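Trainee: One structure coming up, written as structure tokens, with questions to follow.
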Amino acid sequence: MLGRSATGPVFPKRLSHLLMFTGDIHQSIAFYRDALGLRLSDQSSGIVAFMHGRHGSDHHLIAFAQSHAKGWHHSSWDMANLDEVGRGAEQMRSAGYIEGWGTGRHVLGSNYFHYVRDPWGSFAEYSADIDFIPAGHVWPAGDYPPEDSLYLWGPNVPPYFIENKES
């Protein structure tokens, strides 16, 4: 392993998923199911829903959080491993981006995460090791209570993390 001074910057491999606020979570699920063929992965009814592609994809390509209005919550960026998630978080702190949430592990999708507030007030998530749903696999979508739908371990969620500031 290289020392801290000998490591370079880390960059994502690809865009993993998006999470958007919606005024009607059920309508959003129906649109992406009926118009684009996505399938429900898991949800916490009326609060959050995760959808994956029938062609084989991560546990979620797109997710929706119920809110008073439409809005953008975060983009998630796939990193090679948990070490790169941590190094990305350090990279952001060094660049002055200190507001966010993590590092931790989600329950739904079971990925490691670290969120950083971006210049627009939303978040960029460093993510690693998310569940993958192969093409043709029937994923038994669950409906989880709120306390079991966000994270398995990590720091407490800051209050500003779930706010939708768009009108």
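The numbers here are math on the coordinates, done by the rules we state, and not lab data. Being a predicted model, the structure only gives us computed values, none of them experimental. Ideal geometry is used to build each Cβ from the backbone, glycine not excepted, and the neighbour counts take in all protein chains shown.
Trainee: So if the hydrodynamic radius of the chain is defined as the Kirkwood radius over C-alpha pairs, what does Stokes-Einstein give as its diffusion coefficient at 10 °C and 1.306 mPa s, in µm² per second?
Mentor: In µm²/s, the coefficient rounds to 96.
Trainee: Quick one: if you stick a label point 7 Å off each Cα along the C-beta vector at A95 and A35, how many nm between them?
Mentor: Modelled inter-label distance: 3.2 nm.
Trainee: Further question: Along each principal axis of its Cα atoms, how long is the range 94-142 end to end? Whole angstroms, biggest number first, please.
Mentor: For the range 94-142, the Cα extents along the three principal axes come out at 43, 20, 18 Å.
Trainee: Can you pull the Kirkwood radius for the range 68-115, inverse mean 1/r over Cα pairs, to one decimal in Å?
Mentor: Final number for the Kirkwood radius of the range 68-115 is 11.9 Å.
Trainee: Quick one: angle between helix 25-36 and the longest Cα principal axis of the chain, in degrees between 0 and 90, rounded to 10, please.
Mentor: 90 degrees
Trainee: Here is a follow-up. Which residue, W120, W153, W101, tops the fluctuation ranking in a GNM of the chain built on C-alpha contacts under 10 Å?
Mentor: The residue with the greatest mean-square fluctuation here is W120.
Trainee: Would you kindly compute the Cα radius of gyration of the range 1-83 and its largest Cα-Cα separation (Dmax), both in Å?
Mentor: 16.1, 51
Trainee: Label points 7 Å out from Cα along the Cβ direction at N156 and W139: separation in nm?
Mentor: 3.2 nm
Trainee: Nearest 500 deg cm²/dmol is fine: what mean residue ellipticity at 222 nm does the chain get from its DSSP H runs of n ≥ 4 alone, each adding -39,500 (n - 2.57), divided by its residue count?
Mentor: Result for the chain, helices only: -4500 deg cm²/dmol.
Trainee: In nm, to one decimal, how far is the modelled label at R4 from the one at N81, with both set 7 Å along Cα→Cβ?
Mentor: 2.0 nm
Trainee: On a 0 to 90° scale, report how tilted helix 82-94 is relative to the longest principal axis of the chain, with both axes built from alpha carbons and the result rounded to the nearest 10.
Mentor: 70 degrees
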